[in-house]
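Asker: Supplied in C-alpha coordinates, the structure appears directly below.
The values are calculated or read from the model by the stated rules, or taken from the named source; none is laboratory data. This is a predicted model, so every value here is computed, not measured. Virtual Cβ from ideal backbone geometry, glycine too; neighbours counted across all protein chains shown. SASA here: full protein model, heavy atoms, side chains in, ligands and nucleic acids out. Shrake-Rupley method; radii C 1.70, N 1.55, O 1.52, S 1.80 Å.
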Amino acid sequence: MKVLVIGGDGYCGWATALHLSKKGYEVGILDNLSRRYWDTKLGVDTLTPIASIQKRIQRWHDLSGKSMDLFVGDITNYDFLSKSLRSFEPEAIVHFGEQRSAPYSMIDREHAVFTQVNNVVGTLNLLYAMKEDFPDCHLVKLGTMGEYGTPNIDIEEGYITIEHNGRKDTLPYPKQPGSFYHLSKVHDSHNIHFACKIWGIRATDLNQGVVYGVLTEETGMEELLVNRLDYDQVFGTALNRFCIQAAIGHPLTVYGSGGQTRAFLDIRDTVRCIDIAISNPAEPGQFRVFNQFTEQFSIKDLALMVKKSGNAMGLDVEIKNLENPRVELEEHYFNAKNTNLLDLGLQPHYLSDSLLDSLLNFAVKYKDRVDEKQILPTVSWRRK
Ligand code: NAD
Ligand code: USQ
(Lines give C-alpha, C1' and ligand atoms only; values in the text may rest on other atoms or scores of the structure.)
(Ligands and ions follow the chains in the order given, each with its own letter.)
Protein backbone atom coordinates (compact mmCIF):
# COMPACT_ATOMS: atom_id res chain seq x y z
CA MET A 1 0.00 0.00 0.00
CA LYS A 2 1.24 3.52 -0.82
CA VAL A 3 1.26 5.80 2.22
CA LEU A 4 2.14 9.48 2.18
CA VAL A 5 3.45 10.76 5.52
CA ILE A 6 2.87 14.50 5.76
CA GLY A 7 5.19 15.97 8.39
CA GLY A 8 7.55 13.02 7.87
CA ASP A 9 10.62 15.03 8.90
CA GLY A 10 9.20 15.60 12.42
CA TYR A 11 9.38 13.67 15.69
CA CYS A 12 6.39 11.37 15.18
CA GLY A 13 6.52 11.51 11.38
CA TRP A 14 10.10 10.35 10.88
CA ALA A 15 9.73 7.41 13.25
CA THR A 16 6.45 6.47 11.55
CA ALA A 17 7.81 6.75 8.00
CA LEU A 18 10.66 4.34 8.84
CA HIS A 19 8.38 1.92 10.68
CA LEU A 20 5.88 1.78 7.80
CA SER A 21 8.68 1.40 5.26
CA LYS A 22 10.17 -1.46 7.26
CA LYS A 23 6.73 -3.11 7.40
CA GLY A 24 6.56 -3.12 3.61
CA TYR A 25 4.43 -0.07 2.83
CA GLU A 26 5.59 2.11 -0.05
CA VAL A 27 6.25 5.36 1.80
CA GLY A 28 6.50 8.95 0.61
CA ILE A 29 7.41 11.90 2.83
CA LEU A 30 5.97 15.38 2.37
CA ASP A 31 7.30 18.16 4.60
CA ASN A 32 8.11 21.85 4.20
CA LEU A 33 10.93 21.55 6.80
CA SER A 34 9.38 24.50 8.61
CA ARG A 35 9.93 22.93 12.01
CA ARG A 36 13.71 23.21 11.50
CA TYR A 37 13.20 26.87 10.54
CA TRP A 38 11.01 27.66 13.59
CA ASP A 39 13.71 26.16 15.84
CA THR A 40 16.33 28.34 14.17
CA LYS A 41 14.19 31.45 14.57
CA LEU A 42 13.58 30.70 18.26
CA GLY A 43 17.28 29.88 18.79
CA VAL A 44 16.49 26.35 20.01
CA ASP A 45 17.69 22.98 18.81
CA THR A 46 16.87 19.32 19.26
CA LEU A 47 18.99 17.48 21.84
CA THR A 48 20.02 15.08 19.12
CA PRO A 49 21.98 16.13 16.03
CA ILE A 50 19.53 15.26 13.24
CA ALA A 51 20.68 14.82 9.66
CA SER A 52 18.99 16.55 6.71
CA ILE A 53 15.90 14.78 5.41
CA GLN A 54 17.74 13.90 2.17
CA LYS A 55 20.61 12.26 4.10
CA ARG A 56 18.17 10.43 6.37
CA ILE A 57 16.28 8.98 3.41
CA GLN A 58 19.49 8.05 1.59
CA ARG A 59 20.86 6.28 4.68
CA TRP A 60 17.61 4.38 5.16
CA HIS A 61 17.84 3.27 1.55
CA ASP A 62 21.45 2.13 2.02
CA LEU A 63 20.54 0.14 5.13
CA SER A 64 17.19 -1.32 4.15
CA GLY A 65 17.18 -1.24 0.36
CA LYS A 66 13.89 0.68 0.51
CA SER A 67 13.39 4.03 -1.19
CA MET A 68 11.11 6.88 -0.19
CA ASP A 69 9.80 9.66 -2.43
CA LEU A 70 10.35 13.14 -0.99
CA PHE A 71 8.12 16.17 -1.57
CA VAL A 72 9.47 19.36 -0.01
CA GLY A 73 6.78 22.01 0.20
CA ASP A 74 3.90 23.49 2.12
CA ILE A 75 0.42 21.97 2.26
CA THR A 76 -1.08 25.45 2.62
CA ASN A 77 0.02 25.81 -1.04
CA TYR A 78 -2.80 23.94 -2.81
CA ASP A 79 -1.04 23.71 -6.15
CA PHE A 80 2.03 22.06 -4.62
CA LEU A 81 -0.10 19.72 -2.52
CA SER A 82 -2.32 18.54 -5.33
CA LYS A 83 0.65 18.02 -7.70
CA SER A 84 2.46 15.99 -5.03
CA LEU A 85 -0.59 13.79 -4.44
CA ARG A 86 -1.06 13.21 -8.18
CA SER A 87 2.58 12.28 -8.52
CA PHE A 88 2.62 9.86 -5.55
CA GLU A 89 -0.95 8.49 -5.80
CA PRO A 90 -1.42 7.59 -2.11
CA GLU A 91 -3.86 4.98 -0.85
CA ALA A 92 -3.51 6.31 2.70
CA ILE A 93 -2.31 9.68 3.97
CA VAL A 94 -0.94 10.11 7.49
CA HIS A 95 -1.13 13.79 8.38
CA PHE A 96 1.33 14.96 11.07
CA GLY A 97 2.20 18.21 9.26
CA GLU A 98 1.12 20.94 11.64
CA GLN A 99 2.52 23.49 14.10
CA ARG A 100 2.13 21.37 17.21
CA SER A 101 3.32 23.42 20.17
CA ALA A 102 0.79 24.95 22.57
CA PRO A 103 3.32 27.50 23.93
CA TYR A 104 4.33 28.53 20.36
CA SER A 105 0.68 29.27 19.60
CA MET A 106 0.43 31.41 22.76
CA ILE A 107 3.52 33.62 22.14
CA ASP A 108 1.45 36.46 20.65
CA ARG A 109 -1.25 37.24 18.08
CA GLU A 110 1.06 36.53 15.16
CA HIS A 111 1.94 33.04 16.38
CA ALA A 112 -1.70 32.23 17.24
CA VAL A 113 -2.85 33.32 13.76
CA PHE A 114 0.01 31.50 12.08
CA THR A 115 -0.72 28.27 13.96
CA GLN A 116 -4.40 28.27 13.06
CA VAL A 117 -3.82 29.25 9.41
CA ASN A 118 -1.05 26.68 8.97
CA ASN A 119 -3.02 23.87 10.57
CA VAL A 120 -6.59 24.58 9.51
CA VAL A 121 -5.82 25.69 5.93
CA GLY A 122 -3.35 22.82 5.43
CA THR A 123 -5.92 20.24 6.48
CA LEU A 124 -8.72 21.88 4.49
CA ASN A 125 -6.52 21.90 1.37
CA LEU A 126 -5.82 18.24 1.94
CA LEU A 127 -9.53 17.44 2.18
CA TYR A 128 -10.17 19.26 -1.11
CA ALA A 129 -7.23 17.57 -2.84
CA MET A 130 -8.51 14.19 -1.69
CA LYS A 131 -12.06 14.96 -2.85
CA GLU A 132 -10.78 16.03 -6.29
CA ASP A 133 -8.40 13.17 -7.09
CA PHE A 134 -8.31 10.53 -4.33
CA PRO A 135 -11.80 10.23 -2.83
CA ASP A 136 -11.20 6.64 -1.73
CA CYS A 137 -7.88 7.34 0.02
CA HIS A 138 -7.95 6.94 3.84
CA LEU A 139 -6.96 10.03 5.83
CA VAL A 140 -5.26 9.26 9.15
CA LYS A 141 -5.07 12.61 10.89
CA LEU A 142 -3.23 13.39 14.10
CA GLY A 143 -5.53 15.12 16.55
CA THR A 144 -4.85 15.47 20.25
CA MET A 145 -6.31 14.39 23.58
CA GLY A 146 -6.16 18.07 24.51
CA GLU A 147 -9.16 18.66 22.22
CA TYR A 148 -11.33 17.39 25.07
CA GLY A 149 -9.77 19.47 27.84
CA THR A 150 -10.40 18.24 31.38
CA PRO A 151 -14.18 17.69 31.78
CA ASN A 152 -15.57 16.41 35.08
CA ILE A 153 -16.94 13.28 33.36
CA ASP A 154 -15.30 10.35 31.56
CA ILE A 155 -13.85 11.17 28.12
CA GLU A 156 -15.22 8.94 25.37
CA GLU A 157 -13.60 8.28 21.97
CA GLY A 158 -14.92 11.12 19.86
CA TYR A 159 -18.65 10.73 20.50
CA ILE A 160 -21.01 10.70 23.47
CA THR A 161 -24.60 9.48 23.69
CA ILE A 162 -26.79 12.06 25.39
CA GLU A 163 -30.41 12.00 26.53
CA HIS A 164 -32.02 15.42 26.56
CA ASN A 165 -35.68 16.25 27.19
CA GLY A 166 -36.65 12.65 26.56
CA ARG A 167 -34.74 12.29 23.27
CA LYS A 168 -31.42 10.55 22.66
CA ASP A 169 -28.58 11.11 20.19
CA THR A 170 -24.90 10.26 19.72
CA LEU A 171 -23.02 13.51 19.22
CA PRO A 172 -19.42 14.70 18.92
CA TYR A 173 -17.90 14.80 22.41
CA PRO A 174 -17.76 18.41 23.77
CA LYS A 175 -14.40 20.12 23.21
CA GLN A 176 -12.74 22.45 25.74
CA PRO A 177 -9.16 22.85 24.48
CA GLY A 178 -6.50 24.74 26.40
CA SER A 179 -4.51 26.72 23.79
CA PHE A 180 -4.89 28.25 20.33
CA TYR A 181 -2.89 25.25 19.05
CA HIS A 182 -5.26 22.74 20.66
CA LEU A 183 -8.16 24.77 19.23
CA SER A 184 -6.70 24.38 15.72
CA LYS A 185 -7.09 20.61 16.15
CA VAL A 186 -10.74 21.03 17.13
CA HIS A 187 -11.34 23.13 14.01
CA ASP A 188 -9.62 20.41 11.92
CA SER A 189 -11.82 17.71 13.46
CA HIS A 190 -14.96 19.63 12.56
CA ASN A 191 -13.76 20.20 8.98
CA ILE A 192 -12.81 16.54 8.51
CA HIS A 193 -16.11 15.32 9.98
CA PHE A 194 -18.01 17.60 7.59
CA ALA A 195 -15.95 16.45 4.56
CA CYS A 196 -16.68 12.82 5.43
CA LYS A 197 -20.38 13.64 5.60
CA ILE A 198 -20.68 15.58 2.33
CA TRP A 199 -18.06 13.89 0.12
CA GLY A 200 -17.87 10.40 1.55
CA ILE A 201 -14.19 10.80 2.53
CA ARG A 202 -12.93 8.10 4.92
CA ALA A 203 -11.01 9.44 7.92
CA THR A 204 -9.55 8.44 11.26
CA ASP A 205 -8.84 11.21 13.78
CA LEU A 206 -6.22 9.98 16.22
CA ASN A 207 -6.53 11.97 19.42
CA GLN A 208 -3.01 11.36 20.61
CA GLY A 209 -1.73 11.97 24.14
CA VAL A 210 1.71 13.38 24.98
CA VAL A 211 4.41 11.25 23.31
CA TYR A 212 7.62 10.32 25.16
CA GLY A 213 10.82 8.48 24.27
CA VAL A 214 13.09 8.73 21.28
CA LEU A 215 14.28 5.37 20.06
CA THR A 216 12.23 3.07 17.90
CA GLU A 217 13.56 -0.11 16.34
CA GLU A 218 14.34 1.81 13.15
CA THR A 219 15.51 5.24 14.39
CA GLY A 220 17.80 3.49 16.86
CA MET A 221 19.63 1.61 14.09
CA GLU A 222 22.33 4.25 13.79
CA GLU A 223 23.07 7.90 14.44
CA LEU A 224 22.19 9.17 10.94
CA LEU A 225 18.64 7.93 11.50
CA VAL A 226 18.31 9.40 14.99
CA ASN A 227 15.06 11.20 15.79
CA ARG A 228 14.67 14.73 17.13
CA LEU A 229 14.21 15.14 20.90
CA ASP A 230 12.97 18.52 22.06
CA TYR A 231 13.65 19.84 25.54
CA ASP A 232 13.14 23.60 25.18
CA GLN A 233 10.21 25.42 26.80
CA VAL A 234 8.34 25.84 23.50
CA PHE A 235 8.61 22.46 21.79
CA GLY A 236 9.75 20.17 24.62
CA THR A 237 7.01 18.07 26.22
CA ALA A 238 6.65 17.02 29.85
CA LEU A 239 8.36 13.66 30.32
CA ASN A 240 11.05 14.17 27.67
CA ARG A 241 11.89 17.53 29.25
CA PHE A 242 12.10 16.05 32.75
CA CYS A 243 14.57 13.35 31.65
CA ILE A 244 16.84 15.88 29.97
CA GLN A 245 16.59 18.24 32.96
CA ALA A 246 17.55 15.34 35.25
CA ALA A 247 20.53 14.50 33.03
CA ILE A 248 22.03 17.99 33.34
CA GLY A 249 21.16 18.59 37.01
CA HIS A 250 18.43 21.18 36.31
CA PRO A 251 15.48 21.05 38.77
CA LEU A 252 12.46 19.39 37.15
CA THR A 253 10.06 22.11 36.01
CA VAL A 254 6.64 21.13 37.38
CA TYR A 255 4.15 23.89 36.50
CA GLY A 256 1.97 24.79 39.49
CA SER A 257 0.97 21.95 41.81
CA GLY A 258 1.56 19.32 39.09
CA GLY A 259 -1.86 17.75 39.63
CA GLN A 260 -2.55 18.23 35.89
CA THR A 261 -3.29 14.76 34.54
CA ARG A 262 -2.68 13.91 30.89
CA ALA A 263 -2.69 10.87 28.63
CA PHE A 264 0.73 9.55 27.49
CA LEU A 265 2.28 7.01 25.14
CA ASP A 266 5.68 5.72 24.09
CA ILE A 267 6.80 6.74 20.58
CA ARG A 268 7.15 3.02 19.79
CA ASP A 269 3.37 2.81 20.25
CA THR A 270 2.72 5.92 18.14
CA VAL A 271 4.21 4.16 15.11
CA ARG A 272 2.28 0.96 15.80
CA CYS A 273 -1.02 2.80 16.25
CA ILE A 274 -0.58 4.41 12.83
CA ASP A 275 0.06 1.03 11.26
CA ILE A 276 -3.07 -0.34 12.96
CA ALA A 277 -5.19 2.60 11.75
CA ILE A 278 -3.96 2.24 8.17
CA SER A 279 -4.42 -1.49 7.99
CA ASN A 280 -7.98 -1.23 9.37
CA PRO A 281 -9.31 1.69 7.31
CA ALA A 282 -12.43 3.71 8.06
CA GLU A 283 -15.44 3.12 5.81
CA PRO A 284 -16.31 5.63 3.07
CA GLY A 285 -18.05 8.59 4.75
CA GLN A 286 -16.98 7.46 8.22
CA PHE A 287 -15.31 9.93 10.59
CA ARG A 288 -13.74 7.59 13.11
CA VAL A 289 -12.08 8.80 16.31
CA PHE A 290 -9.53 6.82 18.33
CA ASN A 291 -7.98 8.05 21.57
CA GLN A 292 -4.31 7.21 21.02
CA PHE A 293 -2.63 6.81 24.40
CA THR A 294 -1.74 3.98 26.72
CA GLU A 295 -1.59 5.46 30.25
CA GLN A 296 -2.56 8.53 32.29
CA PHE A 297 -0.24 10.29 34.71
CA SER A 298 -0.23 13.47 36.74
CA ILE A 299 2.75 15.72 36.06
CA LYS A 300 3.91 15.48 39.68
CA ASP A 301 3.88 11.68 39.53
CA LEU A 302 5.98 11.75 36.35
CA ALA A 303 8.48 14.06 38.04
CA LEU A 304 8.68 11.69 41.03
CA MET A 305 9.28 8.71 38.71
CA VAL A 306 12.09 10.53 36.90
CA LYS A 307 13.61 11.56 40.24
CA LYS A 308 13.55 7.96 41.48
CA SER A 309 15.15 6.57 38.31
CA GLY A 310 17.66 9.44 38.17
CA ASN A 311 18.67 8.92 41.80
CA ALA A 312 19.14 5.20 41.16
CA MET A 313 21.59 6.13 38.38
CA GLY A 314 23.48 8.48 40.70
CA LEU A 315 21.97 11.70 39.35
CA ASP A 316 21.07 14.43 41.82
CA VAL A 317 17.46 15.22 40.86
CA GLU A 318 15.44 18.02 42.45
CA ILE A 319 11.80 18.88 41.71
CA LYS A 320 10.74 22.52 41.61
CA ASN A 321 7.15 23.72 41.45
CA LEU A 322 7.15 26.83 39.24
CA GLU A 323 4.39 29.38 38.92
CA ASN A 324 2.21 27.92 36.17
CA PRO A 325 2.66 29.91 32.93
CA ARG A 326 -0.51 28.30 31.53
CA VAL A 327 -4.15 28.77 32.42
CA GLU A 328 -5.29 25.22 33.21
CA LEU A 329 -6.83 23.25 36.07
CA GLU A 330 -4.14 21.88 38.38
CA GLU A 331 -6.43 19.50 40.29
CA HIS A 332 -9.17 17.81 38.29
CA TYR A 333 -10.93 14.59 37.29
CA PHE A 334 -9.46 12.85 34.23
CA ASN A 335 -10.55 9.46 32.94
CA ALA A 336 -10.32 8.86 29.20
CA LYS A 337 -11.30 5.76 27.22
CA ASN A 338 -8.75 4.17 24.87
CA THR A 339 -10.20 0.80 23.90
CA ASN A 340 -10.54 1.25 20.12
CA LEU A 341 -6.84 0.76 19.32
CA LEU A 342 -6.45 -1.96 21.97
CA ASP A 343 -9.38 -3.82 20.41
CA LEU A 344 -7.60 -3.66 17.04
CA GLY A 345 -4.53 -5.31 18.55
CA LEU A 346 -2.31 -2.62 20.08
CA GLN A 347 0.01 -4.15 22.67
CA PRO A 348 1.29 -1.18 24.66
CA HIS A 349 4.76 -0.47 25.93
CA TYR A 350 3.95 0.82 29.42
CA LEU A 351 6.18 3.37 31.11
CA SER A 352 8.77 1.39 33.03
CA ASP A 353 11.96 1.87 35.00
CA SER A 354 13.91 0.42 32.07
CA LEU A 355 12.42 2.93 29.61
CA LEU A 356 13.18 5.79 32.00
CA ASP A 357 16.72 4.46 32.45
CA SER A 358 17.27 4.28 28.71
CA LEU A 359 15.82 7.77 28.15
CA LEU A 360 17.96 9.19 30.97
CA ASN A 361 21.07 7.47 29.59
CA PHE A 362 20.25 8.82 26.15
CA ALA A 363 19.92 12.33 27.59
CA VAL A 364 23.21 11.99 29.46
CA LYS A 365 24.92 10.97 26.20
CA TYR A 366 23.92 14.24 24.51
CA LYS A 367 23.89 16.52 27.55
CA ASP A 368 26.71 18.74 26.24
CA ARG A 369 24.31 19.93 23.52
CA VAL A 370 21.82 21.31 26.05
CA ASP A 371 21.38 25.08 26.23
CA GLU A 372 20.11 25.64 29.79
CA LYS A 373 18.69 29.04 28.86
CA GLN A 374 16.00 27.32 26.80
CA ILE A 375 14.49 25.40 29.71
CA LEU A 376 12.54 27.80 31.92
CA PRO A 377 9.13 28.84 30.55
CA THR A 378 8.75 32.42 29.35
CA VAL A 379 5.58 32.08 27.24
CA SER A 380 2.57 33.01 29.37
CA TRP A 381 -1.13 32.31 28.72
CA ARG A 382 -2.10 35.33 30.88
CA ARG A 383 -2.87 38.91 29.95
CA LYS A 384 0.26 41.02 30.58
P1 NAD B 1 7.01 18.03 14.76
O2 NAD B 1 7.01 19.51 14.86
O3 NAD B 1 8.21 17.30 15.20
O4 NAD B 1 6.69 17.59 13.25
C5 NAD B 1 5.74 18.22 12.45
C6 NAD B 1 6.28 18.24 11.02
O7 NAD B 1 5.30 18.84 10.17
C8 NAD B 1 7.56 19.07 10.90
O9 NAD B 1 8.57 18.34 10.26
C10 NAD B 1 7.12 20.29 10.07
O11 NAD B 1 8.16 20.79 9.24
C12 NAD B 1 5.94 19.73 9.28
N13 NAD B 1 4.96 20.77 8.89
C14 NAD B 1 4.35 21.67 9.69
N15 NAD B 1 3.53 22.47 8.98
C16 NAD B 1 3.62 22.04 7.67
C17 NAD B 1 3.02 22.48 6.47
N18 NAD B 1 2.18 23.52 6.44
N19 NAD B 1 3.34 21.83 5.32
C20 NAD B 1 4.21 20.77 5.34
N21 NAD B 1 4.81 20.33 6.46
C22 NAD B 1 4.51 20.95 7.64
O23 NAD B 1 5.71 17.51 15.54
P24 NAD B 1 5.42 16.05 16.15
O25 NAD B 1 5.71 16.08 17.58
O26 NAD B 1 5.99 15.02 15.28
O27 NAD B 1 3.83 16.01 15.99
C28 NAD B 1 3.26 15.50 14.79
C29 NAD B 1 1.75 15.58 14.89
O30 NAD B 1 1.29 14.82 15.99
C31 NAD B 1 1.22 16.99 15.09
O32 NAD B 1 0.06 17.17 14.31
C33 NAD B 1 0.88 17.05 16.55
O34 NAD B 1 -0.16 17.95 16.78
C35 NAD B 1 0.48 15.62 16.85
N36 NAD B 1 0.74 15.24 18.25
C37 NAD B 1 2.02 15.28 18.75
C38 NAD B 1 2.24 14.91 20.10
C39 NAD B 1 3.60 14.95 20.74
O40 NAD B 1 3.70 14.70 21.95
N41 NAD B 1 4.68 15.20 20.00
C42 NAD B 1 1.14 14.50 20.88
C43 NAD B 1 -0.14 14.48 20.33
C44 NAD B 1 -0.33 14.85 19.01
N1 USQ C 1 4.18 20.83 32.01
C2 USQ C 1 4.89 21.01 33.17
N3 USQ C 1 6.23 21.25 33.07
C4 USQ C 1 6.88 21.31 31.87
C5 USQ C 1 6.14 21.11 30.69
C6 USQ C 1 4.79 20.88 30.79
O7 USQ C 1 4.35 20.96 34.27
O8 USQ C 1 8.09 21.53 31.87
C9 USQ C 1 2.74 20.55 32.10
C10 USQ C 1 1.85 21.53 31.32
O11 USQ C 1 1.50 22.64 32.11
C12 USQ C 1 0.67 20.65 30.96
C13 USQ C 1 1.26 19.26 30.80
O14 USQ C 1 2.52 19.29 31.47
O15 USQ C 1 -0.24 20.61 32.02
C16 USQ C 1 1.49 18.83 29.36
O17 USQ C 1 2.27 19.81 28.71
P18 USQ C 1 3.22 19.42 27.47
O19 USQ C 1 4.00 20.63 27.08
O20 USQ C 1 3.94 18.17 27.77
O21 USQ C 1 2.13 19.02 26.38
P22 USQ C 1 1.07 19.91 25.59
O23 USQ C 1 1.33 21.34 25.66
O24 USQ C 1 -0.30 19.45 25.99
O25 USQ C 1 1.34 19.47 24.08
C26 USQ C 1 1.93 18.21 23.74
C27 USQ C 1 2.35 18.30 22.28
C28 USQ C 1 1.10 18.53 21.43
C29 USQ C 1 0.08 17.44 21.70
C30 USQ C 1 -0.24 17.33 23.19
C31 USQ C 1 -1.05 16.10 23.52
O32 USQ C 1 3.27 19.36 22.09
O33 USQ C 1 1.46 18.52 20.05
O34 USQ C 1 -1.10 17.74 21.01
O35 USQ C 1 1.00 17.17 23.92
S36 USQ C 1 -2.25 16.42 24.78
O37 USQ C 1 -1.58 17.02 25.93
O38 USQ C 1 -2.85 15.16 25.13
O39 USQ C 1 -3.21 17.35 24.21
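Asker: What nm value, rounded to one decimal, do you get for the distance between Asp357 and Ile248 when each label is placed 7 Å out toward the C-beta?
Answerer: 2.6
Asker: Roughly how far apart, in whole Å, are the Cα centres of segment 338-384 and segment 115-130?
Answerer: The distance from the Cα centre of segment 338-384 to that of segment 115-130 comes to 28 Å.
Asker: In addition: Rg and Dmax of segment 87-169, using alpha carbons, in Å: what are they?
Answerer: Final numbers for Rg and Dmax: 17.2, 53 Å.
Asker: Compute the separation of the alpha-carbon centres of segment 57-93 and segment 154-205 and state it in Å as a whole number.
Answerer: 30
Asker: In percent, what relative contact order does the chain have, based on Cα pairs under 8 Å that are 6 or more apart in sequence?
Answerer: Relative contact order for the chain comes out at 20 percent.
Asker: At 7 Å along Cα-to-Cβ for each site, give me the label-to-label distance between His190 and Gln54 in nm.
Answerer: Inter-label distance under the simple model: 4.2 nm.
Asker: Counting only Cα, what are the radius of gyration and maximum Cα-Cα distance Dmax of the chain, in Å?
Answerer: My reading of the Cα-based Rg and Dmax gives 20.1, 64 Å.
Asker: Report the full-extension gain for the segment Lys197 to Lys320: residue separation times 0.36 nm, less the Cα-Cα distance, to one decimal in nm.
Answerer: Full extension from Lys197 to Lys320 adds 39.4 nm.
Asker: Same structure, new question: Using a 1.4 angstrom probe on the protein heavy atoms only, line up Asp79, Asp154, Asp269 by accessible area, largest first.
Answerer: Listed by decreasing accessible area, they come as Asp79, Asp154, Asp269.
Asker: Now for a separate question. Using a 1.4 Å probe over the heavy atoms of the protein chains, calculate the carbon and sulfur portion of the accessible area of segment 2-374 as a whole percent.
Answerer: 50
Asker: With a length cut of 27 Å (Cα positions projected on each helix's long axis) and a Kyte-Doolittle mean of at least -1.0, go through the chain and give me the DSSP H helices that pass.
Answerer: Those that pass (Cα extent of 27 Å or more, hydropathy at least -1.0) are 180-199.
Asker: How high is the FRET efficiency from Asp301 to Thr170, r the C-beta distance, R0 45 Å, rounded to 0.05?
Answerer: The value I calculate is 0.85.
Asker: How much space per residue, in cubic angstrom, does the convex hull of the C-alpha atoms of segment 297-384 take up?
Answerer: 164
Asker: Need one number: % antiparallel among DSSP beta bridges in the chain, to the nearest 5.
Answerer: For the chain, the DSSP antiparallel bridge percentage is about 20.
Asker: Any idea which of Gln260, Val3, Tyr128 is furthest toward the positive side of the dipole for segment 2-374, if Lys and Arg beta-carbons carry +1 and Asp and Glu beta-carbons -1?
Answerer: Result: Tyr128, furthest along the dipole toward the positive end.
Asker: Against the empirical 2.2 N^0.38 Å scaling, what ratio does the C-alpha Rg of segment 144-283 come to?
Answerer: The value comes to 1.28.
Asker: Specify the inter-centroid distance of segment 260-317 and segment 1-39, based on alpha-carbon positions, in whole Å.
Answerer: 19
Asker: Would you work out if segment 234-298 is rounded, prolate or oblate? Take a ≥ b ≥ c from the square roots of the eigenvalues of the alpha-carbon gyration tensor; rounded if a/c is under 1.5, else prolate when a/b is larger than b/c, oblate otherwise.
Answerer: Taking the square roots of the gyration eigenvalues as a ≥ b ≥ c, segment 234-298 is prolate.
Asker: Which shape class, rounded, prolate or oblate, goes with segment 1-97 when its Cα gyration tensor gives a ≥ b ≥ c as root eigenvalues, a/c under 1.5 marks rounded, and past that a/b bigger than b/c marks prolate?
Answerer: Oblate is the answer for segment 1-97, as a/c is 1.5 or above yet b/c matches or exceeds a/b.
Asker: Per residue of the chain, what 222 nm ellipticity follows from adding -39500 (n - 2.57) for every DSSP H run with n ≥ 4, rounded to the nearest 500?
Answerer: Computed ellipticity for the chain at 222 nm equals -11500 deg cm²/dmol.
Asker: Moving to a separate point now. Would you work out which of Val234, Gly213, Gly158 lies farthest towards the positive end of the dipole of the chain? Charges go on Cβ: Lys and Arg +1, Asp and Glu -1.
Answerer: Val234
Asker: Tell me the per residue accessible area of the chain using a 1.4 Å probe; a whole number in Å² is fine.
Answerer: Here the residues of the chain average 42 Å² of exposed surface.
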